[in-house]
Amino acid sequence: MSTVSVVIPCYKYGHFLADCVKSVLDEQEGVDVRVLIIDDASPDDSADVARALAAADPRIEVRVHETNQGHIATYNEGLLEWADGDYVALLSADDRLVPGALVRAAALLDAHPEAGFAYGRPLRFQHGGPLPAARTRSTGSVVYPGRWWLERRFREGTGCITSPEVVVRTSLQRKVGGYDPELPHAGDIEMWMRLAAHADVGYVRGADQAFYRVHGNNMSTTDFGGQLDDLRQRLVAFDSVLEKCGGLLPEAGRLSTAARTRLARYALRRAYRAYDRGRTAVVPVEELEAFAAECLPRYTSLAEYGALRRRRRIGARVMPYLQPLVLSAVADRGREWLWWQSWKRRGI
């Protein structure tokens with residue numbers, strides 16, 4: 001029977017702990033599971049809740065920090081110092097696993113030693129709302145070549161993993177290392193890519209693997225300034241992977257160009273959509289364009305830049321009224337050009 005070490009970092013989430021731990025220990029028949037709860041000096045009763053859970057189940061261990069060390073250091077403590085099972089998973093105290101998730105992931109990794117980690121579909125749910133219905137029967141699995149999966153991340157300029165749905169081969173986790181403390185908001189995608197540079201990637205089909213709680217305290221950024229910071233963090237993450245794993249990636253230059261082009265397009269798209277939505281006063285349009293230029297010196301050749309330039313000529317006051325007529329430059333440069341010609345003929 002495969003062994004799985006599950007690390008549960010906790011900061012002020014003691015009220016979620018019992019349900020989180022239950023999903024790990026009571027709903028994963030078929031694997032040998034151990035849990036480590038690490039309370040990062042929570043100011044509430046989280047540590048007491050964790051100790052009570054551990055007192056009731058010998059499979060649970062607890063560590064309590066005297067001072068707050070931050071999420072990255074807490075993650076790495078569990079992943080690199082404590083985990084000793086065949087596989088390891090990191091599960092935030094406010095999330096939970098789908099029944100059988102560890103069994104499905106472990107079965108994939110058992111059958112495919114070339115795979116370094118396995119993931120599946122996460123289910124998002126709003127805090128305070130009911131859990132969505134989850135699929136628990138897998139329709140199979142697929143193992144992607146690590147380099148192919150990694151290249152796709154560079155081409156898309158983003159990750160495809162939330163976090164609680166991942167199970168990693170512990171030996172590979174130790175070899176590659178944990179989360180980079182220089183990447184507080186993009187350390188996850190950077191680490192998945194480093195893992196993929198060393199091993200293949202497994203995907204569980206058909207079944208859902210984890211529940212991800214959406215609320216105001218999630219690490220993801222939603223404000224406009226935060227979105228720009230997110231793009232910057234992604235750029236650092238892609239550069240970091242190439243710096244650390246460049247020797248394993250013979251086409252590192254091409255991958256860098258692909259990621260930087262995609263990130264420049266994301267930035268310019270957010271900039272021109274600010275005109276469409278009448279939000280140029282709150283969206284950092286100039287900073288987004290500057291970021292695009294940082295990513296790609298030839299950014300002015302991109303269709304998204306053309307869309308931004310045309311909207312500037314029209315003006316921020318007029319564009320929201322014309323927005324229903326706007327056709328995305330990303331989808332079809334030709335149709336955007338026809339819209340522009342039509343606008344000029346109207347003499348607005």
**Study point:** Arg232 vs. criteria of a type outside the set (A, V, I, L, M) and touching a Gly at 6+ places or on another chain (Cβ under 9 Å)
**Key:** no
Exercise for review: Could you tell me which residue of the stretch 132-146 is nearest to Thr261 (Cα to Cα), considering only residues that are of a type outside the set (Val, Ile, Thr) and crowded, with 17+ Cβ neighbours inside 10 Å?
Suggested key: Gly146
**Study point:** Matching residues, the stretch 147-178, being of a type outside the set (S, T, N, Q) and farther than 25 Å from Tyr266 by Cα
**Key:** Pro164, Glu165, Val166, Val167, Val168, Arg169, Leu172, Arg174, Lys175, Val176, Gly177, Gly178
Review point. Can you find a residue in the stretch 63-77 that is among the aliphatic types (A, V, I, L, M), in contact with a strand residue (DSSP E or B) (Cβ under 9 Å, 6 or more places away or on another chain) and within 21 Å of Ala210 (Cβ to Cβ)?
Key: no
**Study point:** helices (runs of 4 or more DSSP H) completely within the stretch 84-194 that count 3 or more residues being farther than 19 Å from Ser2 by Cα and free of Cβ contacts under 8 Å to residues at least 60 places away in the same chain
**Key:** 146-156
Check your understanding: If the Cβ limit is 9 Å and pairs must be 6+ apart or interchain, which residue in the stretch 268-286 that is in the same structural domain as Tyr305 (by TED's automatic domain parsing) pairs with which residue that is of a type in the set (Asp, Glu) and modelled with pLDDT of 90 or more?
Key -> Leu268/Glu289; Leu268/Glu304; Arg269/Glu304; Ala271/Glu286; Ala271/Glu287; Ala271/Glu289; Ala271/Glu304; Tyr272/Glu304
Point to revise | Residue among Gly247, Gly225, Gly216, Gly278 that alone is within 19 Å of the chain's Cα centre (by Cα), at pLDDT below 95 and over 25 Å from Leu123 (Cβ atoms) | key: Gly225
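The values are calculated or read from the model by the stated rules, or taken from the named source; none is laboratory data. The shown structure was predicted, so the numbers you read here are calculated from the model rather than taken from an experiment. A quick note on method: Cβ atoms are made from the backbone with ideal geometry, for glycine too, and the neighbour counts reach across all protein chains shown.
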